[in-house]
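Written out below as structure tokens is the structure these notes cover.
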Amino acid sequence: MLVSVIIPALDEEEVLPATLASVVQQPGPVEVIVADGGSTDRTRAIAEDYGATVVAAPRGRARQMNAGAAQAQGEAFVFLHADTTLPPDGLALVRQTLAEPDVSGGCFRTTFDRDSAWLRLWTAQAVMRWWRFAFGDRAAFTCRATFEALGGFPDQPI
């Protein structure tokens, strides 16, 4: 299953290399699309250096993710923030999850690469599961057909 990883970005040159490295090391097939909202730094060049397709998009996370999805060829979409990394087996888990007949999407648990009381509270799984939050930092994923049936992301502020 071809998975399209769609990364909305705006002036992300500091964090984007780690994100892209976490994606390109995944077993394929994978397509990487960076939906750039008008960066003035090296975001576009870094994305191209990693082999990503760069799509110019109107600024705004929903607009950028929708623009990336419009260019995507995959059967599944992963929406990944530019400062977020996938686990080493992330795309294999996406494929495995979406292969279930009654599943059309999901997200990952939030973890951080540093420790603090606030971050431990934020990642409390009981709260996240009870409310079924799927923030962008959780790398939400879905089947193309589901995304299209829903009409993409609503164009509204966060």
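Leaving ligands, DNA and RNA out of it, report the carbon-plus-sulfur percent of the accessible area of the range 1-82 at a 1.4 Å probe.
48 percent
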(request) For the range 1-78, evaluate the Debye formula with one uniform point scatterer on each Cα (no solvent term) and list log10 I(q)/I(0) at q = 0.15, 0.18, 0.26 Å⁻¹, rounded to two decimals. (result) -0.43, -0.63, -1.25
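Pulled fully out, how much extra length does the chain show between Ala145 and Arg95, if you take 0.36 nm times their separation in residues and subtract their Cα-Cα distance?
Details: separation 50, 0.36 × 50 = 18.00 nm, distance 1.46 nm.
Net length gain for the segment: 16.5 nm.
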(message) What distance in nm lies between label points placed 7 Å from Cα along the C-beta direction at Met1 and Asp83?
(response) 3.0 nm
(request) Sticking with the crude label model, points 7 Å out along Cα→Cβ, report the distance from Asp155 to Asp49 in nm, one decimal please. (result) 3.4 nm
(request) Multiply the residue separation of Thr40 and Glu75 by 0.36 nm, subtract the distance between their alpha-carbon atoms, and state the gained length in nm to one decimal. (result) 9.4 nm
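Heavy-atom accessible area per residue, the range 1-72, 1.4 Å probe: how many Å²?
43 Å²
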(request) Give, in nm to one decimal, the length gained when the segment between Arg59 and Asp102 is fully stretched (0.36 nm per residue of separation minus the Cα-Cα distance). (result) 12.1 nm
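The values are calculated or read from the model by the stated rules, or taken from the named source; none is laboratory data. Everything numeric in this text was worked out from a predicted model, so none of it was measured. Please note: Cβ atoms are built from the backbone with ideal geometry, for glycine as well, and neighbour counts cover all protein chains shown. Please note that ligands, DNA and RNA were not included when accessible areas were found on the heavy atoms of the full protein model with its side chains. Shrake-Rupley method; radii C 1.70, N 1.55, O 1.52, S 1.80 Å.
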